[in-house]
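We did not get these values from a lab; they are worked out from the coordinates using the rules stated. For clarity, every value in this text was computed on a predicted model and none was experimentally measured. Heads up, the Cβs are rebuilt from the backbone with ideal geometry, glycines too, and the neighbour counts pull from every protein chain shown.
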C-alpha cells in the first residue's frame, strides 16, 4: 500500500481491510502524525502545549480513595486496622494526603496566572499548604455529616440491614462523601480539583452532584442512578431523593455579547424534610420547595411550592394539594408544558 492509500484510509476514504508490513506501517504512522499536527495547529481550544502542567486526574482520583479511608477507617482497607495502631495509621495517611494534595493544588493555583512551562514555585506551594491545613481541619465535621447521612439511609430504606451494608454497598454514600469533601475545597476557592473529584464519583455511582451544591444533614439518595444536583442548589436537612431526580437550571441568562452569564443563582432550594420521587425535575434559581413537601414521580416543576405540599401529576394536569387537609391549593400549569 502506497503513501496515498494510507492517507485515504486515515481519512476514511477506503473501506477495505488492509494488512500493513513494517514499511507501510511506518509510512502510515508518519501520515497520522502529520495529520494530527495539522489538527493541533488548526483546531484551537482543546490543546495545551507549552503551558503549565495541569493537575493529574489520576492523582486526584487517588485522593478520593484516600479520603474515603480517612473518613471511614476500616471500610475501604484491605487489612484490618488495630485500635492500638489507629493513631499511627491516621497520622501517616494525613501526611501522605497532604503531600499529594499540596502538589496538585499548587498546580491549580498557578493556572490562575497561566505561567507557561514553569514548575510550581514556593509561593504556590506555601499557599497550597495553608489551604490543605484549612481543608483537613474540616474532616471531623464532614465525618459527623456523613454519620447523619448513613443514619438517614438506614432509616429511609427498609431493605437496609446495617450501617456496614450502607457504607460498603450504597453508591449514594460514596458520592455524598466525595462531594462533601469537594465542596469544602470549592468553598476555599480551589480550582479544578473539586470538579474532578465529583465527576470521579459521578463515573462510579451515576450520581452527579456539583461541588458547589450546599447540602444539610441526613441526606439520602435512594438507588441514585441519574440524579443531578446543580452548582447553586441549597438542600436542607433530612431531604430524600430517588433515582432520576434533577435539581437543575431553568434557563441560562446571557450578557450583551450573547454569552452565558456565570456565577448567578440557577438551581432550586429544597427545604428541610422534603421527599422527591423518581424522575421528578425541579428547575430554576427562584424555585423553592417548601419544608416537609413531597414531589411525586415524573413531576416537571418550575415554580415554588409552599411548605407541607404534595405535588403530583393527574392525567395531564399538575395538582398542588395541602398535605394536611388534602384540599387543592392554587391551580398549576399542565405537566411538562412551558
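Data table
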quantity	calculated
Extension gain (nm, one decimal) between residue 134 and residue 160, 0.36 nm per residue minus Cα-Cα	5.9 nm
Cα-Cα P(r), the chain, percent of pairs per 10 Å interval	5, 20, 24, 20, 16, 11, 3, 0, 0
Estimated inter-spin distance, residue 323 and residue 81, nm [label 7 Å along Cα→Cβ]	3.7
Gaussian network model of the chain, springs between alpha carbon atoms under 10 Å - residue of 37, 320, 145 with greatest fluctuation	37
Residue order, fewest to most beta carbons within 10 Å, for 241, 204	204, 241
Label point distance in nm, residue 62-residue 39, each placed 7 Å from Cα along Cα→Cβ	2.9
Calculated [θ] (222 nm, deg cm²/dmol) that DSSP helices of n ≥ 4 give over the chain, each run adding -39,500 (n - 2.57)	-14000 deg cm²/dmol
Using alpha-carbon coordinates, inclination of helix 86-111 to the longest axis of the chain, degrees	70
Cα long-axis angle, helix 57-71 against the chain (0 to 90 degrees, to the nearest 10)	40
Exposure proxy order (Cβ contacts within 10 Å, fewest to most) of 267, 76	76, 267
At 0.692 mPa s and 37 °C, Stokes D of the stretch 213-338 from Kirkwood alpha-carbon radius, µm² per second	223
With Cα atoms, 0 to 90° folded angle of helix 122-137 axis to the chain main axis	30
Net lengthening on full extension, residue 54/residue 147 (0.36 nm per residue, minus Cα-Cα)	30.1 nm
Ascending count of other beta-carbon atoms within 10 Å, so fewest first, for 327, 70, 54	327, 54, 70
